[in-house]
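What follows is a short report on a single structure.
The values are calculated or read from the model by the stated rules, or taken from the named source; none is laboratory data. Predicted, not measured: the structure shown is a model, and the values here were computed from it. Please note: Cβ atoms are built from the backbone with ideal geometry, for glycine as well, and neighbour counts cover all protein chains shown. Ligands, DNA and RNA are stripped out before the accessible areas are found, and what is left, the full protein with its side chains, is counted by its heavy atoms. Shrake-Rupley method; radii C 1.70, N 1.55, O 1.52, S 1.80 Å.
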Amino acid sequence: MPHSVVRDGFNAYFDAWEADIGSFLEFDKQALAVCGAKAAGLSPLSGLPFGVKDNIAVAGMRLSCGSKLLSGFSSPYSATAVTKLREAGAVPAGKTNMDEFGMGSSTDNSAFRRTNNPWDPSRVAGGSSGGSAAAVAAGLVPFALGSDTGGSVRQPASFCGVVGLKPTYGAVSRRGVMAMASSLDQVGPIAKTIDDAKLVFDIIRGKDDLDATSWSSDSVLDKNQAKTKLKIGVPREFVSAGLDPEVAANFEATLAKLKTAGHEVVDIELPSFRYALACYYVLMPAEASTNLARFDGLRYGTKQVGADLLGDYQETRGTGFGPEVRRRIILGTYVLSAGYADEFYYQAVAVQRLIKADYARVFKEVDVIATPTAPGPAFKIGEKIGDPLAMYLEDIFTVPVNIGGVPAVSVPSGQTTSGLPLGVQLTAGAKQEEILFALGRAMAA
Amino acid sequence: MLDLSIVSMQRYNMVREELQATASLAHLDLSEDEADAALPAFELMLEYFAAMKAADEDIEAFGRSILDIPPTTQAVSAGNRVRFDYFNNSNTNNQGSNPLPGLADELVKRVPRSENRFVVIPNVL
């Protein structure tokens, strides 16, 4: 079939889906012509288009982070992860929608458009990498990059029925990724299958001199590579309360399947996890309020003119940032302020150490921790927008992973009776992504 | 809905002036009406965060008090890494054999208001 016929067919398919789901903020259909030319390359990803979350830089494309404050800003350079994929022959085809600056669990906080779930457009795609997950689920791109600070790759992957990997902290360079909470942020792939996610991860991982927290993949410990029967820990206390009944049943069915495949399932205790959500929602806004201080209208994006320099700052930030970003900047400033830092920020960094210690202890006993990825399936659009704490609770299973700096993957685990996808989150010790891939394959089998 | 009362929660009081002062520190303007509307959500969240205090004495969970635990300073303890400081006005690290014009120039081009490679700001003197 001539390329032009395939392209026309794809364009019609793309436009029909995009009208329903709104996953991209920018899409370069011309990029698909380049894909055809590169298709015969040596890398398995050669000639494949991919989506890039709009907080990850692609030279010449927009870099708005879903924020009005950066509308019209285009990046002069590409993130290292994007450059590595380009060098492997893959083609960045567009920028995907997201919650403004990554703050949200629904993509409802984007300043530009709503992203709907391809399985049910009256429901959210999850967030903050909702555009990337929805685009992959709808087949608009074979894979996409997201960023995960507290579950932003895994939760939308779960809501959209695709695979989402949050690698070990430092496994993938953050150069060219707009910082939200620098000690928690990590770039990760969203793909249809575990093997596709691994292909992308193997290309983007590795040390980068331009990100001092990145480390060489040569240092990966592979003591468990040869293991075929894995020990899976389930934090029973943590996963028993407040789960949607269908999520609970699906989770148990997944465990049963893994047992049948020969893996061992045991109960574990992670007592510090009861403090994880509070810890996260102190650390994240504290770091974000600091990182977002750079957006003052003088150096980037749009500027609003006030009466004086302070007026410029206040006008630009007041009108440029949306309500959730403003809320988190204020929270972050508050928990770092002189009178309250001990009670909030320093308490959170102490709790962080307990969470890391719990992971270290448990990973001496088990190879993997399994939980649902989210407490329920994709919720209705706008359902939680007025209740920040209810929205934050969406992240209860995903945030400890970022606090501990360990890797985790959300793997599709089936559907609710009404046909909404569900996911199970598998977490391993630092630098143990290979175990996650092995077990993820067992789940899909 | 998950059970929030995982730890004992006490009412957290915040006054509007405190919220406005914090917003002002963050260079965000918050009107009295906006502050009044936002206050209950802030109080609820701070109440939830303050419950981390219970971890101090949660001997059942941790086997000891956490008061003597040094705070975490790095997510992954790899030590500090620094690189040689140099001036590089090209963008070759990203573009291989096809360098763009100087990255600094490219960045200055994107500034909302500039003049001869300087960023224009209001007079502060």
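How many residues does segment A:92-108 hold that are part of a loop (DSSP other than H, G, I, E, B) and open to solvent by less than 30 Å² (accessible area, probe 1.4 Å)?
Going through segment A:92-108 one residue at a time, the tally reaches 8.
Considering segment A:337-348, and only residues there that are within 12 Å of B:Lys53 (Cα to Cα) and open to solvent by less than 60 Å² (accessible area, probe 1.4 Å), the residue that is farthest from the other protein chains (Cβ to nearest Cβ) turns out to be A:Tyr345.
A quick yes/no check of all residues on (1) at pLDDT 95 or above; (2) touching a helix residue (DSSP H, G or I) at 6+ places or on another chain (Cβ under 7 Å):
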residue	(1), (2)
A:Arg174	yes, no
A:Met180	yes, yes
A:Gln186	yes, no
A:Val220	no, no
A:Arg236	no, no
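Quick one: in segment A:349-373, of everything that is more than 9 Å from every other protein chain (Cβ to nearest Cβ) and over 24 Å from the mean Cα position of the chain (by Cα), which residue is most open to solvent (accessible area, probe 1.4 Å)? Among them, the one singled out is A:Lys364.
Criterion applied to A:Leu230, A:Leu199 was being in contact with a His (Cβ under 6 Å, 6 or more places away or on another chain) and touching a residue at least 24 places away in the same chain (Cβ under 8 Å), and the one residue passing it is A:Leu230.
Do we find a residue being open to solvent by less than 30 Å² (accessible area, probe 1.4 Å) and of a type in the set (Val, Ile, Thr) anywhere in segment A:233-242? Yes, the conditions are met somewhere in segment A:233-242. Of everything listed in (1) at pLDDT 95 or above; (2) touching a Lys or Arg at 6+ places or on another chain (Cβ under 7 Å); (3) more than 14 Å from chain B (Cβ to nearest Cβ), the single unmet condition for A:Met61 is (3).
Scanning segment A:313-327 for residues that are under 16 Å from A:Met284 (Cα atoms), open to solvent by 10 Å² or more (accessible area, probe 1.4 Å) and either modelled with pLDDT under 90 or more than 8 Å from every other protein chain (Cβ to nearest Cβ) (or both) gives a single hit, A:Glu324. Contact map, segment A:341-353: residues that are farther than 9 Å from A:Ala286 by Cβ and among the acidic types (Asp, Glu) paired with residues that are surrounded by fewer than 19 Cβ atoms within 10 Å (Cβ to Cβ) and modelled with pLDDT under 90, Cβ distance under 9 Å, separation 6+ or inter-chain. Pairs shown: A:Glu343/B:Lys53. In segment A:202-215, the condition of being open to solvent by 20 Å² or more (accessible area, probe 1.4 Å), of a type outside the set (D, E, K, R) and more than 10 Å from chain B (Cβ to nearest Cβ) is met by at least one residue.
Within the span defined as segment A:35-55, every residue fails to be on the phi > 0 side of the Ramachandran plot and either touching a residue at least 60 places away in the same chain (Cβ under 8 Å) or in a helix (DSSP H, G or I) (or both). Count of segment B:111-125 residues, restricted to those that are open to solvent by 50 Å² or more (accessible area, probe 1.4 Å), assigned to a loop (DSSP other than H, G, I, E, B) and either polar (S, T, N, Q) or in contact with a Pro (Cβ under 9 Å, 6 or more places away or on another chain) (or both), is 2. Annotation: A:Ile403 fulfils all but one of (1) surrounded by 21 or more Cβ atoms within 10 Å (Cβ to Cβ); (2) in contact with an Asp or Glu (Cβ under 7 Å, 6 or more places away or on another chain); the unmet one is (2).
Open to solvent by 60 Å² or more (accessible area, probe 1.4 Å) and not in a helix (DSSP H, G or I) - does that describe any residue in segment A:16-26? Within segment A:16-26, none of the residues are open to solvent by 60 Å² or more (accessible area, probe 1.4 Å) and not in a helix (DSSP H, G or I). Whether any residue in segment B:59-76 is in a helix (DSSP H, G or I), at pLDDT 70 or above, more than 8 Å from chain A (Cβ to nearest Cβ) and closer than 30 Å to A:Phe238 by Cα is what I want to check. Yes, segment B:59-76 contains at least one residue that is in a helix (DSSP H, G or I), at pLDDT 70 or above, more than 8 Å from chain A (Cβ to nearest Cβ) and closer than 30 Å to A:Phe238 by Cα. Beta carbons closer than 8 Å, at least 6 apart along the sequence or on distinct chains, pair a first residue in segment A:120-136 that is hydroxyl-bearing (Ser, Thr, Tyr) with a second that is surrounded by fewer than 24 Cβ atoms within 10 Å (Cβ to Cβ) for A:Ser122/A:Asn116; A:Ser122/A:Lys380; A:Ser122/A:Ile381.
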